[in-house]
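Notes follow once the structure below has been shown.
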Amino acid sequence: WVLGLQPATTGSHTSVAFSFAANVPGVLVKPLQVFAARGINLSRIESRPTKRSLGEYLFFIDLEADASKASVKEALLELASYSEILKVFGSYNVLPIDSTEVFDD
């Protein structure tokens, strides 16, 4: 992760975090379908306890899309309707790694 004073607005990936008001079975289904319906791939999803209440989690996801795209804006707006908290960290470019590259000491 790289942090800066100004949020990045363009890039090939976007990171967001969100939580829900209640921990119930299936709570992630509709929020994740928001991205699937628009063809937005998720490259990472992670949950962390919030430490505010037992069973309450904060979810972190990385999207393979730029937050400035109309489809991503629509998806995030819909995600906000399901979420108690939604934070968009910003968009950034990812450096491709060549799997054939060898590092010598």
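Some points to look at:
- Antiparallel content of DSSP bridges confined to region 13-92, in %, to 5: 100 percent
- Potential lengthening between Thr50 and Lys87 on full extension [0.36 nm per residue; Cα-Cα distance subtracted]: 11.9 nm
- When Ile61, Ile45 are sorted by how many other C-beta atoms sit within 10 angstrom of their C-beta, beginning with the fewest, the order is Ile45, Ile61.
- Of the trypsin sites (Lys or Arg not before Pro) in region 12-105, the ones in a loop by DSSP (not H, G, I, E or B) with at most 14 other beta carbons within 10 Å are Lys51, Arg52.
Each reported figure results from applying straightforward, stated rules to the coordinates on display, with no laboratory input. These figures come from a predicted structure and were not determined experimentally. Virtual Cβ from ideal backbone geometry, glycine too; neighbours counted across all protein chains shown.
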